[in-house]
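The values are calculated or read from the model by the stated rules, or taken from the named source; none is laboratory data. This structure is a prediction, so every number in the text was calculated from the model and none was measured. Cβ placement follows ideal geometry from the backbone for every residue including glycine, while neighbour counts extend to all protein chains displayed. The accessibility values were calculated without ligands, DNA or RNA, using every heavy atom of the protein model including side chains. Shrake-Rupley method; radii C 1.70, N 1.55, O 1.52, S 1.80 Å.
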Amino acid sequence: MKRVLILFILLLLPSAYAEVDNYNNVSILTTHVVVASSLERTSGTVSQISTILNFFPKEYDYQSLLSQNFPSSPDAEIEQKEDEVSFVWQQTSSLYTFSIDSTVQTENNFVEISEKIPYPALISEEVQVYTIPTDIIDITPDIDSLAEDIVGGEDDLYKVVFLLANWTQVNIAYNLSTLNVEANEKSSYVLEHKEGVCDELTNLFISLARSRGIPARFVSGIVYSNQGYTFGAHGWAEVYIDGKWIPVDVTFGTFGWVDPSHIKFKEELGSNSASLFYSATGNGLDVALGKMSIDAEIIRAQGVGQKYVSLEVLPLEDHVGQGSYVPIQILVSNNNSFYVPVKLSLSKAPGIVGANTKSVLLAPGEEKSVFWILSVPENINPLYEYVSLIEVQSMYGEVAETNLTYSAHYPPISEEDAELDIANLIVDENKDYLNEVSLSCSLDKESYYQNDTATLSCSLDGDLEDAEVCFKEDCSSAASQLVWILDLEGQNSERLFVRAEKGGKARYSYFNLAILKNPNLRIENFEPQSMNFTDSATLAFDLVTDSPVQNISIHIDPLGNFALSSLEVKEHITSPIEGKDVYKEEVTFTLDYTDILGTPYHTEYTESISVENIPWYYQILSLVLSLFH
C-alpha cells in the first residue's frame, strides 16, 4: 500500500510571532515618528545657537499629521515654515537637544490611471524641470541607449514606466540592509557596476525615465522593512502620468503603488540634499553637531487593504518523478477599470528555479499569465507519494494555492521540456519597433539663452522610403539629413524627441534642450542676525542660483575671499567670525561668476548684523571712517 506524505515547504519563511513582515494589507497606518539631533558646546559662551531641520514628516496626499511637536532642551524659540523648522537658543548650555515629534497617518491608497496615455506624452510646463538631468541623476549615451532598448516600440506611457522600473529592479543588485546608507554615486556609475544602495537604484530609474522625457522626482522618507523589523531612511521615486504623481519603489519592487509604511519627508529634483544646518555665535565658542536619529513606532494598524487582482495557480504537469522540473502557470486578473501593477511571490513550493518574485502590469480588465519552473527533490523515498503545496501571494494580500504530486515511480520532466511547455504559452507583448531606420538627432549647442535660436539636426539611415519624421507637430518625409530651426522665446529646459514612423512602427531620438535663465545668484538664510562685540560666531548662509553657474568668486567684507568651481542649485557656506570684525554692523558680499556659456555676472549684497556692547572708541572710529568713505 502506497503511503502519502504531505509536505508544506516554505520559500518565504514566516517571521517570528512578535514581528510583522509588512503592512501591505493594512488600510490605515498610524505611526509615531521622532527625528532628533543635538549640538554639544565644547568650549566658550553662547550668544545664539540656531539649527534648521527640513527632514521630517509633512502633509502630503494620503498622508496627514495628527499631531506635531518640537521638543527642545533648553527650551528654544521655534519658527515653523512650510518645509523646515528652526530652533534658536540664546542661553549657554553644555548640550542642546532638539527634535520633531510627529504622529502620522498614512492611507493604503491606489493612484488610479484609467485610460491609456500615449507615449511619448506631452509634458506640461510645471513639470518639465523633472525631465532634465542633474549631477547625480545624469543621462549618458549608455543610459539613453539602454532606455531605448528597454522601451522598444511600446506606446503606452504606464507600460513604459513599468518596463524601466522592472528592468532596474531585476538587473541592479541591492541589499536591503543598506536602507540607511546615503547615495553618493551617479546613475551612470550604478549602471556600470550593476549595484547600488536604495537611493542609487532610485536615481538610476529616474535617469532612465527622464531620458525618455518622462517627468520623475526623488522622494525621501522612511519605510518599514523586515530586515530587522524596523523603520529606516529610504528613497523612492514618483513619475508623472496624466496629471498625477505615481509612486515607484524599485528597491521593494512595487511599481505604481507603495504600502502605507512609506512615510514621506521630502520631494526633490534629485537626492543628496542637506537635511540639517546650524549656526552659532558666542565668545570662544566651539560647537559639535550630533548625529541625526530617526525613531518610528507603529501605534495602530486599521482595516484591511483593498484586493485588486484575482489569482489562480495551474501546474502544467502533475504526478511527476523525482528530480523533475515542473512548469506552473499563474493566471492574474484585473477586474478594475484602472491599471494595476502586481508583484507576485511564490511563497510555498518544493523548490524553484530562479527568483521567487515576479512583476506584471495589468491594463483595465486584463488577464495575464506568469510562469515559474519548480524543482522536485531527487533521491526521494520510493515507498512514498509526496504532495507538496504550491502557494502564490500578491503584494496586495491575495493568495492562491494548489497541490503538486510527485513520486519515484512517476516519469521525470527535464528542465528543457519545462521551458518548452512555457514557451508554447508565452505571449510576446513587445510592440513593433522601427528597426529598419536609424535616427540620431542633436542640437548645435549644449545650452541657450531664451532669446536665441537653435538648430536641430537629424541623421537618418536605412530604408527611408515612405517613412515620416516629426518634431512636435512639424512632419516631413524622411531624408538622410533633416534640419529644424527653433525659436526659443518662452521655452524652458526639457527633454525633447524626434519621431520617425513607417508602416505603423516608430522610433525616437531624445535630446536635452537646456535654456539658461538669469542665474540671479544670491544670499539666503543669513545668520547670525545679532551678536555681542566680544563674541565668536559661525557666519552661515545659503548661496542660491536659479540656473547653473561656475567660476564663483565670493568676497566677504570683512572676512576675505572664497571660491567655488560650480553651483547647480544651492550650497550652504559657513565661516568663523568675531564680533569686533563686524562692528560696522553689516557684511557685504561681492559675487563674481559666469554661467555655463561663459557670460560674466557681478552682484553685491549687504546683510545687517546687530552688534551689541560696541566699545565707545570703536563707535568713534566707525564714525570717522564713514566720513572718509
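Closer than 14 Å to Ser509 by Cα and open to solvent by 40 Å² or more (accessible area, probe 1.4 Å): is that true of Pro118 in this structure?
So Pro118 fails the test.
In the stretch 513-535, what residues are open to solvent by less than 50 Å² (accessible area, probe 1.4 Å), over 22 Å from Trp89 (Cβ atoms) and assigned to a loop (DSSP other than H, G, I, E, B)?
Of everything in the stretch 513-535, those that are open to solvent by less than 50 Å² (accessible area, probe 1.4 Å), over 22 Å from Trp89 (Cβ atoms) and assigned to a loop (DSSP other than H, G, I, E, B) turn out to be Ala514, Pro519, Leu521.
Is it the case that Asn561 is open to solvent by 40 Å² or more (accessible area, probe 1.4 Å), touching a strand residue (DSSP E or B) at 6+ places or on another chain (Cβ under 8 Å), at positive phi and part of a strand (DSSP E or B)?
When the stated conditions are applied, Asn561 does not pass them.
Which one of these is among the hydroxyl-bearing types (Ser, Thr, Tyr), assigned to a strand (DSSP E or B) and in contact with a helix residue (DSSP H, G or I) (Cβ under 6 Å, 6 or more places away or on another chain): Ser359, Ser388?
Unique residue meeting the criteria: Ser359.
Kindly indicate the residue of the stretch 482-498 that is crowded, with 18+ Cβ neighbours inside 10 Å and charged (D, E, K, R) and also farthest from Leu208 (Cα to Cα) among those meeting that condition.
Filtering first and then ranking leaves Glu494.
Looking at (1) modelled with pLDDT of 95 or more; (2) under 30 Å from Thr574 (Cβ atoms), which one does Phe526 not meet, given that it meets all the others?
(1)
In the stretch 385-415, which residues are open to solvent by 50 Å² or more (accessible area, probe 1.4 Å) and under 40 Å from the mean Cα position of the chain (by Cα)?
Of everything in the stretch 385-415, those that are open to solvent by 50 Å² or more (accessible area, probe 1.4 Å) and under 40 Å from the mean Cα position of the chain (by Cα) turn out to be Gln393, Val399, Glu401, Glu415.
Based on this model, can you work out whether Thr92 counts as within 16 Å of Ala36 (Cα to Cα), surrounded by fewer than 18 Cβ atoms within 10 Å (Cβ to Cβ) and touching a residue at least 60 places away in the same chain (Cβ under 8 Å)?
no
When the residues of the stretch 35-83 are narrowed to those that are touching a residue at least 24 places away in the same chain (Cβ under 8 Å), within 30 Å of Phe533 (Cβ to Cβ) and open to solvent by 50 Å² or more (accessible area, probe 1.4 Å), which ends up farthest from the chain's Cα centre (by Cα)?
Going through the qualifying residues, I end up with Thr45.
Which is outside any strand (DSSP E or B) and open to solvent by 20 Å² or more (accessible area, probe 1.4 Å), of Glu312, Glu317?
Glu317
I'm trying to understand the selection: among the residues of the stretch 564-587, which are open to solvent by less than 30 Å² (accessible area, probe 1.4 Å) and in a strand (DSSP E or B)?
Passing the criteria: Leu567, Ile573, Ser575, Ile577, Val587.
Could you tell me whether the stretch 174-189 includes any residue that is under 30 Å from Lys505 (Cα atoms) and either in a strand (DSSP E or B) or open to solvent by less than 10 Å² (accessible area, probe 1.4 Å) (or both)?
no
Name every residue in the stretch 516-540 that is more than 30 Å from Tyr617 (Cβ to Cβ) and in contact with a strand residue (DSSP E or B) (Cβ under 6 Å, 6 or more places away or on another chain), in order of residue number.
Hits for the stretch 516-540 are Leu516, Pro519, Leu521, Arg522, Ile523, Glu524, Asn525.
Every residue in the stretch 243-302 that is open to solvent by 40 Å² or more (accessible area, probe 1.4 Å), among the basic types (Lys, Arg) and outside any loop (DSSP other than H, G, I, E, B), please.
Listed by number, the residues that qualify are Lys244, Arg300.
List the number of the failed condition for Val111; all other conditions in (1) over 30 Å from Val304 (Cα atoms); (2) out of contact with any helix residue (DSSP H, G or I) (no Cβ under 7 Å at 6 or more places or on another chain) hold.
Exception for Val111: condition (1).
Kindly indicate whether Lys570 is among the basic types (Lys, Arg) and farther than 30 Å from Leu464 by Cα.
Against the criterion (among the basic types (Lys, Arg) and farther than 30 Å from Leu464 by Cα), Lys570 qualifies.
Residue pairs, Cβ under 6 Å, 6 or more apart or interchain, first in the stretch 192-219 and at pLDDT below 95 and among the basic types (Lys, Arg), second open to solvent by less than 10 Å² (accessible area, probe 1.4 Å) and not in a helix (DSSP H, G or I). List them.
Hits for this filter: Lys194/Ile172.
Quick one: is Leu331 closer than 30 Å to Val26 by Cα and assigned to a strand (DSSP E or B)?
yes
Yes or no, residue by residue, for (1) open to solvent by 20 Å² or more (accessible area, probe 1.4 Å); (2) more than 30 Å from His32 (Cα to Cα); (3) in contact (Cβ under 8 Å) with a residue 12 or more places away in the chain; (4) in contact with a Ser or Thr (Cβ under 6 Å, 6 or more places away or on another chain):
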residue	(1), (2), (3), (4)
Val127	no, yes, yes, no
Thr134	yes, yes, yes, no
Pro141	yes, yes, no, no
Leu146	yes, yes, yes, no
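Scanning for something under 30 Å from the mean Cα position of the chain (by Cα), within 22 Å of Gly152 (Cα to Cα) and surrounded by fewer than 17 Cβ atoms within 10 Å (Cβ to Cβ), does the stretch 457-474 turn up at least one residue?
yes
Would you check which residues across the stretch 68-114 are small (Gly, Ala, Ser) and within 30 Å of Tyr396 (Cβ to Cβ) and list them?
Those that are small (Gly, Ala, Ser) and within 30 Å of Tyr396 (Cβ to Cβ): Ser102, Ser114.
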